[in-house]
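Student: Please find one structure pasted underneath; my questions will follow.
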Amino acid sequence: MRKILMTAVAATAMAAAAPAFAAGLTNEESTYACTLVYTSSIACQGYYGGNIDGSNVANQQAALNELYTSPTAGVTIGGPAPTVDWGSVTLYDAGDLGTLAGTTNNLYFGTTLYGLVTMGFHFGNNSDPANPPPNVSAFYIFDFGAGGADHITFTPNANGFSDGVLYASGTRAVPEPATWAMMLLGFAGIGASMRRRRRLPLAQIA
C-alpha cells in the first residue's frame with residue numbers, strides 16, 4: 001500500500017513540474033516526414049500530430065529517444081537521449097522570432113548555446129506547402145560546436161511556428177574530423193611511449 005501511495009505521489013509531482021503547453025502530442029507520426037533543410041539541423045524526428053505539451057512528458061521523452069537512436073532524417077548520434085529536467089525546460093513562442101536581413105525567420109535563444117542542442121518545435125496554423133503541415137510537432141538536434149549560436153533560421157520561412165522547447169544543450173558535441181585525427185595521433189603517441197618504456201633496460205644495482 002505504501003509503495004502504491006509513493007508511486008502516486010511521485011507521478012503527481014512530475015505532472016506538477018511539467019511545463020504547460022497547449023494541446024497534446026500524439027504517438028502517431030504524421031504522413032509528412034521532418035526535413036533537415038527546414039532548420040539546418042543534423043537530425044530530426046517527426047512529424048507528430050498535436051502540440052508538445054506538459055501532460056505528455058512520456059511521449060516527448062520517447063520521441064527524443066528515437067531522435068538520438070533512429071531519427072527520421074539525419075545522422076544517428078547514438079542513445080540514450082539526454083534526460084530532461086521537465087521543470088526547467090526553456091520555452092519559446094512566436095514572440096521570440098526576430099529579424100535578420102529583413103526577415104522574421106530567426107528564433108533567438110536569449111543566450112549562446114554550444115555543442116549538441118536538443119529542441120522541439122510545434123507548427124500550428126500553417127498553410128504554406130513549402131513548410132511543415134499544420135498542427136504538428138518535430139524534434140531536432142543541432143550541433144553548434146565550440147563556437148556556439150544564439151539563434152537558428154527557419155528556411156524557407158517561419159510560417160506556422162508557434163511553440164519551441166529547449167530540452168538540453170551542450171551535451172556530447174560531435175567531434176570534428178580534425179579533432180578525431182588529433183585524438184588518434186595522441187593515442188598512437190601514448191602507445192609508442194609505453195612500448196619504448198618497456199624496452200628500456202633496468203638500472204643495475206651495484
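Student: With 118, 104 as the choices, which residue is in contact with a Leu (Cβ under 6 Å, 6 or more places away or on another chain), touching a residue at least 40 places away in the same chain (Cβ under 8 Å) and not small (Gly, Ala, Ser)?
Tutor: Of 118, 104, the one residue that is in contact with a Leu (Cβ under 6 Å, 6 or more places away or on another chain), touching a residue at least 40 places away in the same chain (Cβ under 8 Å) and not small (Gly, Ala, Ser) is 104.
Student: Across the range 47-101, what is the total count of residues that are on the phi > 0 side of the Ramachandran plot and touching a residue at least 60 places away in the same chain (Cβ under 8 Å)?
Tutor: Residues that pass the stated criteria total 2.
Student: May I pose another question? Has the range 101-114 got at least one residue that is assigned to a strand (DSSP E or B) and closer than 21 Å to residue 29 by Cβ?
Tutor: There is no residue in the range 101-114 that is assigned to a strand (DSSP E or B) and closer than 21 Å to residue 29 by Cβ.
Student: If you don't mind, there's one more thing I want to ask. Checking the condition at pLDDT 95 or above and touching a strand residue (DSSP E or B) at 6+ places or on another chain (Cβ under 8 Å), which residue from 49, 74, 98 passes?
Tutor: After ruling out the rest, the residue left standing is 74.
Student: Consider the range 77-115. How many of its residues are among the β-branched types (Val, Ile, Thr), under 17 Å from the mean Cα position of the chain (by Cα) and surrounded by 13 or more Cβ atoms within 10 Å (Cβ to Cβ)? Can you show your working first?
Tutor: Here is the first cut: in the range 77-115, the residues among the β-branched types (Val, Ile, Thr) are 77, 83-84, 89-90, 99, 103-104, 111-112.
Next, only the ones that are under 17 Å from the mean Cα position of the chain (by Cα) stay: 77, 83-84, 89-90, 111-112.
From what's left, surrounded by 13 or more Cβ atoms within 10 Å (Cβ to Cβ): 77, 84, 89-90.
Matching residues across the range 77-115 total 4.
Student: Follow-up question, since we're still on this one. Being touching a Pro at 6+ places or on another chain (Cβ under 7 Å) and more than 13 Å from residue 30 (Cβ to Cβ) is the filter; apply it to the range 116-126 and report the residue that is surrounded by the most Cβ atoms within 10 Å (Cβ to Cβ).
Tutor: Here the residue is 118.
Student: Right, here's the next one. When you look at residue 147, is it within 19 Å of residue 45 (Cα to Cα) and outside any strand (DSSP E or B), yes or no?
Tutor: Here the answer is no, as residue 147 does not meet what is asked.
The values are calculated or read from the model by the stated rules, or taken from the named source; none is laboratory data. All values reported here derive from a predicted model rather than from experimental measurement. Don't worry about glycine lacking a Cβ; one is built from the backbone with ideal geometry, like all the others, and counts go over all protein chains shown.
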